[in-house]
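Q: This is the structure I have questions about; it appears just below.
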């Protein structure tokens with residue numbers, strides 16, 4: 001009993017002493033100041049390291065070297081979009097060269113914060129090309145591997161200097177290897193309308209097809225160009241929806257994993273500043289309006305019918321009065337496809353490298369003045385779907401040119417959404433009542449508004465009919 005009382009007494013005294021000596025507001029983790037390092041060697045710039053690689057055109061290992069390269073940290077893994085990689089550029093403003101450093105440490109942002117000036121010891125490191133990007137690291141055969149955590153302080157030397165990084169302004173026509181691994185600002189840009197529309201608004205990287213990175217199309221409102229924004233499926237912000245407006249974005253320019261195209265990586269979604277709700281979506285002319293006739297049960301006789309069995313080529317299709325035209329100056333147009341003896345017009349923007357596709361298939365003129373009740377119907381197969389990019393319009397006064405004609409949207413057309421991989425089934429699209437449309441030369445149009453790679457759904461069209469009485 002005496003022993004227990006003694007222990008209780010000691011515990012109470014200890015608590016009182018701690019409370020009297022340490023207040024919550026006063027207790028802080030000691031800050032470790034970073035001293036200015038003494039570099040005993042030659043300091044070279046990043047461009048010199050890049051030049052050494054280009055001179056050898058293969059992996060080069062620095063041996064018996066006293067050189068150090070200096071740069072400023074422009075990557076941050078705080079939001080999970082970078083992994084075991086540090087990217088530096090030569091200057092905090094108006095940079096001209098950057099390089100990636102492979103490091104077997106995660107996270108790095110607490111050690112090397114954004115804007116910190118660092119020195120990289122080159123002795124024992126190698127410079128080489130990896131996935132289309134020049135990197136520094138340890139040699140592993142002909143590959144660049146990561147600097148081990150135990151060698152981190154030896155090779156990447158911190159300084160107390162942290163600068164404000166001013167993004168370099170870039171136009172999408174200026175993308176090149178010379179500006180890789182730089183912190184860039186893309187002004188007056190937006191995400192593709194196929195990725196932010198209300199029906200199919202995408203996240204940064206948590207959609208069904210996002211396996212390693214989510215790849216989203218960033219369009220320029222100044223030039224007819226686009227670039228891919230890549231987001232890791234491990235990023236903290238992967239499930240956020242893409243912003244629908246327009247503005248500017250700051251990120252690091254690099255290459256995709258397969259070295260097929262340029263791409264941009266964000267440090268954080270806060271680097272997107274889409275403050276305007278206005279968009280610059282391509283629209284060569286304004287649609288005159290839309291129409292939705294009263295719902296009526298389908299009835300009548302076939303007054304126009306095309307199953308395309310005899311129209312086996314586009315010239316034959318045109319000779320029959322059909323119009324096939326791409327009005328966006330691209331090469332993606334409708335073609336004639338076939339399967340098991342069945343022919344049909346088909347279209348897809350896949351692998352077209354055209355980020356604006358506006359292709360039309362227009363029927364010959366059809367006389368609707370002879371009927372009091374009529375319906376427009378067709379069969380459709382939607383495949384490899386990544387957006388609903390087909391619409392149906394009509395005109396009663398075709399001018400001879402699509403862009404100068406008054407077109408009206410048929411609202412009551414239910415375009416099916418096919419599977420994202422593989423072919424979908426043939427669907428008989430609902431019969432659209434067109435009885436409120438009058439004219440002796442009415443033309444219907446299938447308008448395909450795509451964008452490679454974000455809007456490339458494949459469509460097959462068949463059995464186009466008008467039924468009336």
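The values are calculated or read from the model by the stated rules, or taken from the named source; none is laboratory data. This is a predicted model, so every value here is computed, not measured. Positions of Cβ are backbone-derived with ideal geometry, glycine not excepted, and every protein chain shown enters the neighbour counts.
Q: With out of contact with any helix residue (DSSP H, G or I) (no Cβ under 8 Å at 6 or more places or on another chain) and either more than 22 Å from residue 353 (Cβ to Cβ) or surrounded by fewer than 14 Cβ atoms within 10 Å (Cβ to Cβ) (or both) as the only criterion, which of 271, 250, 213 stands out?
A: Details: 250 fails: out of contact with any helix residue (DSSP H, G or I) (no Cβ under 8 Å at 6 or more places or on another chain); 213 fails: either more than 22 Å from residue 353 (Cβ to Cβ) or surrounded by fewer than 14 Cβ atoms within 10 Å (Cβ to Cβ) (or both).
Exactly one residue qualifies, and that residue is 271.
Q: Another question, if that's okay. Does the range 361-375 contain at least one residue that is touching a helix residue (DSSP H, G or I) at 6+ places or on another chain (Cβ under 9 Å) and either under 30 Å from residue 297 (Cα atoms) or touching a residue at least 40 places away in the same chain (Cβ under 8 Å) (or both)?
A: First pass over the range 361-375, keeping only residues touching a helix residue (DSSP H, G or I) at 6+ places or on another chain (Cβ under 9 Å): 361-362.
Cutting the leftovers down to either under 30 Å from residue 297 (Cα atoms) or touching a residue at least 40 places away in the same chain (Cβ under 8 Å) (or both) gives us 361-362.
Within the range 361-375, one or more residues are touching a helix residue (DSSP H, G or I) at 6+ places or on another chain (Cβ under 9 Å) and either under 30 Å from residue 297 (Cα atoms) or touching a residue at least 40 places away in the same chain (Cβ under 8 Å) (or both).
Q: OK, next. Regarding residue 344, is this residue crowded, with 17+ Cβ neighbours inside 10 Å, touching a residue at least 24 places away in the same chain (Cβ under 8 Å), touching a strand residue (DSSP E or B) at 6+ places or on another chain (Cβ under 7 Å) and under 30 Å from residue 81 (Cα atoms)? Write out each step before concluding.
A: On the way: crowded, with 17+ Cβ neighbours inside 10 Å: yes; touching a residue at least 24 places away in the same chain (Cβ under 8 Å): yes; touching a strand residue (DSSP E or B) at 6+ places or on another chain (Cβ under 7 Å): yes; under 30 Å from residue 81 (Cα atoms): no.
Here the answer is no, as residue 344 does not meet what is asked.
Q: Among the residues of the range 220-238, is any under 20 Å from residue 77 (Cα atoms) and touching a helix residue (DSSP H, G or I) at 6+ places or on another chain (Cβ under 6 Å)? Let's see the steps before the verdict.
A: Taking the range 220-238 as the starting set, the residues that turn out to be under 20 Å from residue 77 (Cα atoms) are 228-238.
Still in the running and touching a helix residue (DSSP H, G or I) at 6+ places or on another chain (Cβ under 6 Å): 237.
Among the residues of the range 220-238, at least one is under 20 Å from residue 77 (Cα atoms) and touching a helix residue (DSSP H, G or I) at 6+ places or on another chain (Cβ under 6 Å), which makes the answer yes.
Q: I would also like to ask the following. If you check residue 315 against the conditions, is it more than 31 Å from the chain's Cα centre (by Cα) and modelled with pLDDT under 90?
A: Working: more than 31 Å from the chain's Cα centre (by Cα): yes; modelled with pLDDT under 90: no.
Judged against the criteria, residue 315 is not a match.
Q: Going by what's in this entry, would residue 114 be described as within 15 Å of residue 252 (Cα to Cα), surrounded by fewer than 16 Cβ atoms within 10 Å (Cβ to Cβ) and modelled with pLDDT of 95 or more? Break it down into steps so the answer makes sense when it comes.
A: Values: within 15 Å of residue 252 (Cα to Cα): yes; surrounded by fewer than 16 Cβ atoms within 10 Å (Cβ to Cβ): no; modelled with pLDDT of 95 or more: yes.
Criteria not met by residue 114.
Q: Okay, moving on. Checking the condition touching a residue at least 24 places away in the same chain (Cβ under 8 Å) and farther than 19 Å from residue 228 by Cβ, which residue from 122, 182, 175 passes? Can you show your working first?
A: Numbers: 182 fails: farther than 19 Å from residue 228 by Cβ; 175 fails: farther than 19 Å from residue 228 by Cβ.
After ruling out the rest, the residue left standing is 122.
Q: Please enumerate the residues belonging to the range 414-444 that are crowded, with 20+ Cβ neighbours inside 10 Å and assigned to a strand (DSSP E or B).
A: Residues satisfying the conditions are 432, 433, 442, 443, 444.
Q: Still on this structure, please answer the following. Has the range 129-144 got any residue that is at pLDDT 95 or above, crowded, with 16+ Cβ neighbours inside 10 Å and in a loop (DSSP other than H, G, I, E, B)?
A: no
Q: Name every residue in the range 40-88 that is more than 30 Å from the chain's Cα centre (by Cα), surrounded by 14 or more Cβ atoms within 10 Å (Cβ to Cβ) and part of a strand (DSSP E or B), in order of residue number.
A: 44, 60, 61, 67, 68, 69, 70
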